[in-house]
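No value in this document is a laboratory result; all are computed from the given coordinates. The structure displayed is predicted, hence computed values, not measured ones. Every residue, glycine among them, receives a Cβ derived from its backbone with ideal geometry; neighbour counts consider all protein chains shown.
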Amino acid sequence: MIDLRFSEAELDRHRDHITDFIRDRVDAAGAEGAVLGLSGGIDSTLTAYLAVDALGAENVHGLVLPATVSSGENMSDAERVAQDLEISYDVIEIEPIVDSLLAAYPEAEGDREAVGNARARVRAVLNYLVANHEARLVLGTGNRSEAAVGYFTKYGDGAVDCHPIGNLYKAQVRQLATHVGVPEDLVTKTPTAELWDDQTDEDEMGVSYETLDSILATHIDGPLSVAATARLLEIEVQTVEKIRGMYERSEHKRQVPPAPEPLD
């Protein structure tokens, strides 16, 4: 696989670049600080650490938004992050809101993907409810690897004001997290979106993050063909083609919703 890790000097540069970005976005909006969802996972944890570095703990508000499918360990880790960083946070159960949606449209009951995406969109609504009330921006927690293959919910976890770690591959997220002092057990824990029971990111995508990062760096973001990428990484051509297909099919998620070209 491809080694995408930063040098020590690069880690400092990326940390400073991201914290400057967060500060600049908040200042440009005339906002009072930032809100972000805390899942207990490495992406939201790193984003929280960088936000505190950029804005100060008093200007960062975390939301822990458990559903019935959320593990107690992850929610505990989310609260632990907020407490370690000494930021204000709220715990809001989202399942009653999801239940009200299903009561309004019971035909979706049992549709795992539709209900899972509804959970992500409920979280987005709550993020913006708090952010609007407190005159803050909503920080996204998505990374480059997941964005490239569309592994996020449109208008759910993708509905944010900015993506501070959006240019980092998953391996780089983990490395930068270690560099800024995130506890090792959070850095190495198994990633999951927790949109339904027993979900893990790698199982759902059908590929490890190490392989995904390498394919993205060499083929999607890099110059190599499908066949050359497969040879270099010593993987099946079908694996590269699968990631290529995921990238192409999810293009709409990475773009502003289109409108027809104006008539002359």
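When only C-alpha pairs under 8 Å and at least 6 residues apart count, what is the relative contact order of region 1-130, in percent?
Numbers: 139 pairs, mean separation 27.9, N = 130.
Taking the mean separation of contacting Cα pairs over the length of region 1-130, I get 21 percent.
Considering only DSSP states other than H, G, I, E and B, which trypsin sites (Lys or Arg not before Pro) in region 1-62 qualify as loop sites with at most 13 other Cβ atoms within 10 Å? Could the numbers behind the result be given before it?
Numbers: sites: R5, R13, R15, R23, R25; in loops: R5.
Answer in residue order: R5.
Quick one: work out Rg over Rh on the C-alpha atoms of the chain, Rh as Kirkwood radius. Don't jump to the answer; show the numbers that get you there.
Details: Rg = 18.8 Å, Rh = 19.3 Å.
In the chain, Rg relative to Rh is 0.97.
Using only the alpha carbons of region 113-239, determine the length spanned along each of the three principal axes and report them from longest to shortest in whole angstroms.
53, 36, 28
So how strong a dipole does region 8-197 carry about its Cα centre when Lys and Arg Cβ are +1 and Asp and Glu Cβ are -1, to the nearest 20 debye?
Dipole of region 8-197, to the nearest 20 debye: 460 debye.
Where does the longest stretch of the chain lie that holds no GluC sites (Glu not before Pro) found in a DSSP loop with 12 or fewer other Cβ atoms within 10 Å? Don't jump to the answer; show the numbers that get you there.
On the way: sites that count: E86, E109, E234, E236.
It works out to 110-233.
According to the square roots a ≥ b ≥ c of the eigenvalues of the Cα gyration tensor, what is the shape class of region 51-194, taking rounded for a/c under 1.5, prolate for a/b larger than b/c otherwise, and oblate for the remainder? Don't skip to the answer; put the middle values down first.
On the way: a/c = 1.65, a/b = 1.41, b/c = 1.17.
It is prolate, given that a/c is not under 1.5 and a/b is the larger ratio.
In a GNM of the chain with a 10 Å cut-off on Cα contacts, which of L129, L216, L46 has the highest mean-square fluctuation?
L129
For region 1-79, count all C-alpha to C-alpha pairs, find those more than 20 Å apart, and express that count as a whole percent of the total.
Working: 1358 of 3081 pairs.
When all Cα pairs of region 1-79 are counted, 44 percent exceed 20 Å.
Lys/Arg Cβ at +1, Asp/Glu Cβ at -1, dipole of the chain taken about the Cα centre: which of A120, H163, L85 is farthest positive-ward?
Sorting the options by dipole projection puts first H163.
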